């Protein structure tokens with residue numbers, strides 16, 4: 001059974017502590033994929049909400065200090081219960097606040113997976129990365145594999161680096177995925193929704209590496225099918241078509 | 001004149017204190033129906049904003065403590081001015097924080113209507129409810145009518161329980177509605193938007209019971225029409241088609 | 001080269017401190033136009049985020065007090081670096097909190113442009129304005145030009161008044177734009193997204209007046225083209241078609 005079928009069978013409840021820009025798109029995207037989204041960020045309830053969920057996603061895209069506290073509380077609750085916990089360190093290298101917040105999250109919590117683009121992930125292991133570079137060249141993919149392996153070992157996690165070629169590693173095995181479409185880079189929240197879908201997939205999968213790989217592969221293939229829809233003339237019409245394809 | 005025509009004639013201004021996941025969808029949906037949305041949650045301005053509105057909606061979907069204070073202030077302002085006030089206790093039974101927050105809202109404020117799904121509404125009157133049950137069976141509808149009647153009497157309000165069969169009660173008269181489509185359960189915020197549309201309808205109607213019933217009936221019928229549109233292939237394309245149908 | 005081509009060549013990074021209702025639509029709309037959106041509102045990071053951006057937009061639509069502090073910090077950072085700063089005083093006249101917040105923003109910051117509808121802009125220069133009036137009559141357009149000129153001089157800024165006829169003034173030269181469609185008034189966030197697009201245009205243009213005019217003209221023309229799409233049957237289907245047209 002592929003991971004998407006398992007998700008649809010078990011409809012895992014995923015607790016999101018995510019950014020305000022993508023909440024609606026993420027919720028509709030996860031519902032389309034087969035999961036069940038909940039979003040709660042009050043410090044007084046996040047431990048309880050995390051404890052009744054099947055997976056927890058932390059995304060720092062529009063982080064404020066009170067939400068950072070909530071993320072730590074929810075993450076500790078997930079860790080204590082053995083519930084999968086995923087980090088999306090959006091724009092981590094952009095400001096000192098994000099650097100410190102991410103450091104604190106990585107210090108205090110144990111993540112099942114960490115997902116980001118090349119620049120974000122390279123930052124986590126102190127590798128220089130030219131964000132304007134062509135990510136698909138052979139040399140770069142080898143470097144991405146190096147970064148993913150380092151992250152996986154350093155944080156005892158699954159590292160998922162997204163880009164034209166996605167790289168997924170558990171520190172031992174590294175997989176590549178080439179499905180996807182440039183249209184995903186022209187809408188907001190494509191990476192954020194993928195974080196949610198990866199969390200739901202890990203929540204129901206036997207292997208976090210394999211679940212992550214299948215989720216990333218499915219996601220990119222859905223985008224490829226969506227752009228071929230007759231109704232799609234740009235990013236505006238791509239979004240509904242993509243949500244449709246996440247359901248198929 | 002049906003309620004939707006009255007809404008379009010009077011374009012009631014509805015002040016929303018609602019969750020961050022559904023704000024955009026709710027605003028566009030209420031505009032399509034004919035109302036005028038405003039969203040404000042700063043404690044220093046919500047009393048004034050509520051006082052110039054024609055209806056106030058409180059939805060606890062992503063509640064944080066500062067927003068609870070704002071809800072109490074806005075609700076008291078609405079109560080003092082005799083402005084319709086509607087509660088959507090999203091996920092009330094999920095955490096102790098939501099239970100206490102809802103208790104406080106119900107203690108300190110007087111609601112014109114309370115809208116929720118069977119599980120949320122059963123919780124409000126201490127009735128056990130198996131949320132995974134088939135809500136449409138005859139026995140269950142009788143139980144829903146019982147719950148709606150209890151809520152209506154206990155809180156002196158209109159109770160609106162949404163599901164495959166919607167049940168609306170003022171404690172004396174109970175009405176059922178069977179319009180709707182399962183697609184509404186596969187997108188985020190369908191219930192939240194309905195809360196907004198019910199608030200706008202009550203704001204312009206002579207009878208809160210009849211306004212609520214007509215709003216729920218219209219809403220479900222719009223969903224039924226939307227799924228029949230040739231452009232609809234899933235939830236992604238259903239959303240714009242549904243917004244279109246809310247305008248017709 | 002028209003302003004939209006310059007935007008696409010330079011992909012300016014625009015830091016948004018905007019309202020929660022429109023964040024997703026704004027981000028997708030700016031991406032479609034050719035800019036690069038970032039949204040951050042934690043007080044500890046906004047100075048840094050503003051300083052690495054090419055333009056900063058402040059929109060008070062769902063303002064809370066902590067965000068007002070962040071806006072002041074980000075705005076001062078932009079002013080110090082000479083980065084274009086744009087204000088959208090959403091609903092400024094609705095509450096005392098918004099009046100005082102806007103007064104503080106205008107006192108402490110220097111704006112490259114201020115954009116609002118007639119009622120909001122008239123308030124800024126103490127001109128009485130009947131918000132229900134027909135904004136397109138000749139007499140009203142003359143009054144709008146008067147208001148725009150006053151704002152431009154008082155705040156040493158570009159004033160952009162949106163409506164059936166848009167009026168743009170730098171205090172010396174005043175331009176009118178008549179592109180646009182009533183459909184833009186029936187969706188949420190059309191004005192807010194325009195604020196983002198104006199900011200991106202000013203960020204890459206030689207003349208803020210000309211950049212603003214071209215942005216407003218392009219935006220209205222995109223709406224005109226979108227409503228003619230065969231797929232558009234209401235506001236729901238207009239939104240994706242409009243995002244598509246912003247890309248063309």
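The values are calculated or read from the model by the stated rules, or taken from the named source; none is laboratory data. Everything numeric here is computed off the predicted structure, so don't read it as measured data. In this analysis, Cβ positions are derived from the backbone assuming ideal geometry, glycine residues included, and neighbour counts consider all displayed protein chains.
Brief remarks on what is shown
- The residues on offer are A:113, A:159, A:152, and the sole one that is in contact with a strand residue (DSSP E or B) (Cβ under 7 Å, 6 or more places away or on another chain), buried (at least 23 other Cβ atoms within 10 Å of the Cβ) and free of Cβ contacts under 8 Å to residues at least 24 places away in the same chain is A:152.
- In summary, residue B:235 fulfils each of the numbered conditions (1) in contact with a strand residue (DSSP E or B) (Cβ under 7 Å, 6 or more places away or on another chain); (2) farther than 16 Å from residue B:5 by Cα with the single exception of condition (1).
- Filter result for residue B:127 (outside any helix (DSSP H, G or I) and under 17 Å from the mean Cα position of the chain (by Cα)): no
- Qualifying position, being within 14 Å of chain A (Cβ to nearest Cβ) and in a loop (DSSP other than H, G, I, E, B), among B:66, B:62: B:62
- Being over 26 Å from residue B:126 (Cα atoms) and surrounded by 22 or more Cβ atoms within 10 Å (Cβ to Cβ) is a description that applies to residue B:55.
- Of all residues in region A:5-32, those being surrounded by fewer than 24 Cβ atoms within 10 Å (Cβ to Cβ) and over 24 Å from residue A:72 (Cα atoms) number 8.
- First in region C:172-189 and farther than 14 Å from residue C:228 by Cα, second anywhere and part of a strand (DSSP E or B), Cβ under 6 Å, 6 or more apart: C:175/C:168; C:176/C:167; C:177/C:166
- Residue list for region A:2-53, filter: more than 7 Å from every other protein chain (Cβ to nearest Cβ), free of Cβ contacts under 8 Å to residues at least 40 places away in the same chain and in a helix (DSSP H, G or I): A:5, A:8, A:46, A:47, A:50, A:51
- Selection status of residue A:179, touching a helix residue (DSSP H, G or I) at 6+ places or on another chain (Cβ under 6 Å) and crowded, with 22+ Cβ neighbours inside 10 Å: no
- The condition (being in contact with a helix residue (DSSP H, G or I) (Cβ under 9 Å, 6 or more places away or on another chain) and more than 14 Å from chain A (Cβ to nearest Cβ)) is satisfied by just one residue among C:241, C:223, C:215: C:215.
- Flag if residue B:75 is more than 29 Å from residue B:150 (Cα to Cα) and crowded, with 24+ Cβ neighbours inside 10 Å: no
- Within region C:69-106, the set of residues being in a helix (DSSP H, G or I), more than 14 Å from every other protein chain (Cβ to nearest Cβ) and farther than 25 Å from residue C:126 by Cα comprises C:76, C:78, C:79, C:80, C:81.
- So residue C:236, is it free of Cβ contacts under 8 Å to residues at least 24 places away in the same chain, away from chain A (no Cβ under 14 Å) and either on the phi > 0 side of the Ramachandran plot or crowded, with 23+ Cβ neighbours inside 10 Å (or both): no
- So residue A:13, is it in contact with a helix residue (DSSP H, G or I) (Cβ under 9 Å, 6 or more places away or on another chain) and either at pLDDT below 95 or over 22 Å from residue B:26 (Cβ atoms) (or both): yes
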